[in-house]
Amino acid sequence: MPIEILGMIATTAGSESKALAGPVVDPAYVREFSRAHEDAGFDRVLIGYSASSPDGFAVASAALHTTERLKVLIAHRPGFVPPTIVARKLATLDHLTGGGRVAIHHITGGSEADQRRDGDYSEKQDRYRRTGEFIDVLRKTLTEDEPFDHDGEFYRFEGAYSAAKPATDAGIPIFFGGLSGGAVEVGAKNADVYMLFGEPLAEVADHIRTIRAAAAKEGRTIEFSLSTRPIIADTEEAAWAKAERIYTETEELIAAQKEGNTLSFARSRGEERNAVSADRLQQIAQRGDVHDERLWTGITRLTGPSGNSTAPVGTPEQVAEALLKYYDLGVTRFLIRGFDPLGDVRDWGQELVPLLREGARLRDEARAAA
């Protein structure tokens, strides 16, 4: 199966190791960042979500209209906008940008403080049920030819209907992420693609087995995406030296109390509960800085539970092979984003992206021959 390679764009430059630079919304940077992904051979870019970041639908529209083939994955947090409205927004954007370029990623929300910035005080176990119901209504709105009623736990509609349907038979792919209680059940029942963080191979294999089994009980199959932060250089020694420089730069940014997170424009208000998937990365980082030979968790340990932060380190060939081991487990999509966001995308387009595609093709041929 051909792999899909995803990146992640933002409206301003920054990362764990690079302080935020420029205006919060920099139109020229969005255009440059989007085009860089298309030029580097990426299939799709994620537009992240937080309660203090710029609107993802507007960013997606800008990215789509400045590129020709690049697809988008719009992160969305159910609970604030009715699913009927989101369905119409997605279908409309799909038609206005050529069809088949729009997907949605549902994040139920791991930060209580960030939920409350938008006025959501619901409990996490309730939020997962709400996400499941949201996706169910979203799908119906995108596919039903006649108005329908819905009377659920969180949503109630009479005569719900969208004249705008997806522009292609592929529809609007639905992505989902989360590993806490209730997440697997919701994702297995509703998602087309289940997004996982870059944990060691054994842990990812366990997640895939569990989620596949849950999906099978629903009579469904599901695909998987893996998110990592590759660090590459011409030699393995140079790559590890680069990782150390990123670590030092991140330490200095933390010491200076500066921020490089392009999704977190509001300062934290003290200790809070975090997403289980992010906490799992912290537990893995405490076991050691390197797993499976080259999966580095130094930044994970340094920055705390902040999501996607594990990094395969090595030459382009070594990193491609490390990622393709996840392909052998069943991962068909790879979301990669850099600590030097724009520069890394350009570098990856030279070797890493082609190596990933060729490696997957060769594996597929070998399996077919066997």
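Observations on the structure shown:
- Residue in segment 108-121 that is closer than 23 Å to G171 by Cβ and not small (G, A, S) present: yes
- Looking across segment 287-304, the residues that are farther than 13 Å from P200 by Cβ and open to solvent by 40 Å² or more (accessible area, probe 1.4 Å) come down to R301, L302, T303.
- Contact annotation: residue pairs with Cβ atoms under 8 Å, 6 or more positions apart or on different chains, pairing a residue in segment 86-110 that is more than 23 Å from E133 (Cβ to Cβ) with a partner that is in a helix (DSSP H, G or I) and among the acidic types (D, E), are G100/D94; R101/D94.
- For beta carbons closer than 7 Å, sequence separation of 6+ or different chains, a first residue in segment 325-345 that is under 24 Å from L362 (Cβ atoms) and of a type in the set (V, I, T) and a second that is open to solvent by 10 Å² or more (accessible area, probe 1.4 Å) and outside any strand (DSSP E or B), the qualifying pairs are T332/M1; T332/I3.
- Of all residues in segment 217-246, exactly one satisfies the criterion of being among the small types (G, A, S), under 18 Å from I174 (Cβ atoms) and surrounded by fewer than 17 Cβ atoms within 10 Å (Cβ to Cβ), namely G219.
- Residues that are modelled with pLDDT of 95 or more and open to solvent by 10 Å² or more (accessible area, probe 1.4 Å) number at least 2 in the following helices (runs of 4 or more DSSP H) confined to segment 22-132: 27-39, 56-66, 83-96.
- G187 fulfils the conditions (1) outside any strand (DSSP E or B); (2) touching a His at 6+ places or on another chain (Cβ under 9 Å); (3) open to solvent by 20 Å² or more (accessible area, probe 1.4 Å) except for a single criterion, (3).
- Of everything listed in (1) in contact with a strand residue (DSSP E or B) (Cβ under 8 Å, 6 or more places away or on another chain); (2) assigned to a helix (DSSP H, G or I); (3) open to solvent by 60 Å² or more (accessible area, probe 1.4 Å); (4) without any contact (Cβ under 8 Å) to a residue 60 or more places away in the chain, the single unmet condition for E249 is (4).
- Close pairs (6 angstrom Cβ cut-off, 6 or more residues apart or separate chains): more than 20 Å from G132 (Cα to Cα) in segment 152-176, in a loop (DSSP other than H, G, I, E, B) anywhere: G159/P147; P166/I172; A167/G99; T168/G99; T168/G100; A170/G100
- Qualifying residue in segment 2-9 (condition: modelled with pLDDT under 95 and assigned to a strand (DSSP E or B)): no
The values are calculated or read from the model by the stated rules, or taken from the named source; none is laboratory data. Quick caveat, the model's predicted, so the values are computed rather than measured. Note: ideal-geometry Cβ built from the backbone for every residue, glycine included; neighbour counts use all protein chains shown. These accessible areas exclude ligands, DNA and RNA; they are computed on the full protein's heavy atoms, side chains included. Shrake-Rupley method; radii C 1.70, N 1.55, O 1.52, S 1.80 Å.
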